[in-house]
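Throughout, read-outs are computed from the coordinates displayed, never taken from laboratory work. These figures come from a predicted structure and were not determined experimentally. Cβ coordinates were reconstructed from backbone atoms using ideal geometry, including for glycine residues, and neighbour counts include every protein chain displayed.
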């Protein structure tokens, strides 16, 4: 392989390793071996994989909450002065913001705890 195709291939692997939409990989908290892959060293590695999967799910929940805030905003704009629709839209936005705060807080806690296992 020439240098250009090798660089393109390695950048493609780097994109896959960082995950879709900035989501972490399932082996985010595991130590890496010489070629950059995950290295399983002890039984606690299972807990690190579970923590990474929970982190991924919480980040997906945060993305869904952001979509719901946008949906509630569109509902509010299109309510055309109807108080019931406006109230429903406000409720959607409020619940989505609460869900977003919970998801971000929980993801932070999971990342912190998993970081304590890796050191």
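All Cα-Cα distances of the stretch 21-118, cut into 5 Å bins from zero to the largest, leave 2, 14, 18, 16, 12, 10, 8, 7, 6, 4, 3, 1, 0 percent in each bin in turn.
Using 0.36 nm per residue and subtracting the Cα-Cα separation, the extra length available between residue 87 and residue 46 on full extension is 10.2 nm. By other beta-carbon atoms within 10 Å, ranking 28, 75 with the fewest at the front produces 75, 28.
With r as the distance between the Cβ atoms of residue 66 and residue 118 and R0 = 30 Å, compute the FRET efficiency 1/(1 + (r/R0)^6) and round to 0.05.
0.55
Would you work out the relative contact order for the stretch 21-118, in percent, from Cα pairs under 8 angstrom that are 6 or more residues apart? Could the numbers behind the result be given before it?
Details: 92 pairs, mean separation 32.2, N = 98.
Once normalised by length, the contact order is 33 percent.
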